[in-house]
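A short write-up of the structure that comes next.
The values are calculated or read from the model by the stated rules, or taken from the named source; none is laboratory data. Everything numeric in this text was worked out from a predicted model, so none of it was measured. Cβ coordinates were reconstructed from backbone atoms using ideal geometry, including for glycine residues, and neighbour counts include every protein chain displayed. Remember, those area values only see protein heavy atoms, side chains included, never the ligands or the DNA or RNA. Shrake-Rupley method; radii C 1.70, N 1.55, O 1.52, S 1.80 Å.
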Amino acid sequence: MKTIGIFYGSETGTTADVAARIAKELGVADADLHDVAKASPATVGNYDVVLLGSSTWGAGDLESDWYDFLAGAQVLDLKGKKLAVFGCGDESMTDTFCDAVGELYDAMAGTQAELIGRFNADGYDFTSSKAERDGSFVGLVLDEVNHPDLTDARIKAWTDEIRRQIA
């Protein structure tokens, strides 16, 4: 069985909650759920499958704890591992919706990990997002501000896809 590690940055607790919900859906133990403010980037290398999550702040910025962690994580050689990204944003920020998800994806592209977990962009209302590429998102994006009623179904659909891609 492939080991899954989930790493998240969360200012207000929303992304931490989403990470815990994803962990529950995938059967990931609490010990494999990591707040990047307290984790070492080298820990990423301990897993076969790595999920990274951030909320989007300001003008499309990563959650603040990600910057130092990402500096260490993006230089790792993750060849043979699979990596997916997820995050939270606010659709009313239409020109930077969930940009942090795209930032994580781009930062980790050089690690040689296989990037998985794309998510359909249908049903979202935004103008621009660094997370959107060719009509789909590079990972799971959620809006807990305006559409918390859609979160559980979106997590379920995304985790089903992750399971399929790591089987």
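Details
- Within region 1-36, the set of residues being assigned to a strand (DSSP E or B), closer than 15 Å to residue 84 by Cβ and under 12 Å from the mean Cα position of the chain (by Cα) comprises 5, 6, 7, 8.
- Residues of region 101-118 classified as open to solvent by less than 30 Å² (accessible area, probe 1.4 Å) and either touching an Asp or Glu at 6+ places or on another chain (Cβ under 8 Å) or among the β-branched types (Val, Ile, Thr) (or both), total: 5
- Some residue of region 138-159 being open to solvent by less than 10 Å² (accessible area, probe 1.4 Å), over 21 Å from residue 20 (Cβ atoms) and modelled with pLDDT of 95 or more: yes
- Residues located in region 125-137, provided they are of a type in the set (Ser, Thr, Tyr) and surrounded by fewer than 20 Cβ atoms within 10 Å (Cβ to Cβ): 127, 128, 136
- For region 128-143, the set of residues classified as more than 13 Å from residue 86 (Cα to Cα) and not polar (S, T, N, Q) consists of 133, 134, 135, listed by residue number.
- Within region 122-152, tally of residues that are within 15 Å of the chain's Cα centre (by Cα) and either of a type in the set (Ser, Thr, Tyr) or in a strand (DSSP E or B) (or both): 8
- One residue stands out among those in region 81-97 that are touching a helix residue (DSSP H, G or I) at 6+ places or on another chain (Cβ under 9 Å) and assigned to a loop (DSSP other than H, G, I, E, B): the one that is least open to solvent (accessible area, probe 1.4 Å), which is 89.
- Residues located in region 1-47, provided they are touching a helix residue (DSSP H, G or I) at 6+ places or on another chain (Cβ under 7 Å) and basic (Lys, Arg): 2, 21
- Restricting attention to region 53-80, the residues that are of a type outside the set (Asp, Glu), in contact with an Asp or Glu (Cβ under 6 Å, 6 or more places away or on another chain) and not in a strand (DSSP E or B) add up to 1.
Residues are listed down the side, and each one gets a yes or a no for (1) under 14 Å from residue 113 (Cα atoms); (2) in contact with a His (Cβ under 6 Å, 6 or more places away or on another chain); (3) surrounded by fewer than 21 Cβ atoms within 10 Å (Cβ to Cβ); (4) without any contact (Cβ under 8 Å) to a residue 24 or more places away in the chain:
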position	(1), (2), (3), (4)
18	no, no, no, no
29	no, no, yes, yes
38	no, no, yes, yes
41	no, no, yes, no
57	no, no, yes, no
63	no, no, no, no
67	no, no, yes, yes
72	no, no, yes, no
76	yes, no, yes, no
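- Enumeration of residues in region 79-107 that are touching a strand residue (DSSP E or B) at 6+ places or on another chain (Cβ under 7 Å) and without any contact (Cβ under 8 Å) to a residue 40 or more places away in the chain: 81, 83, 105
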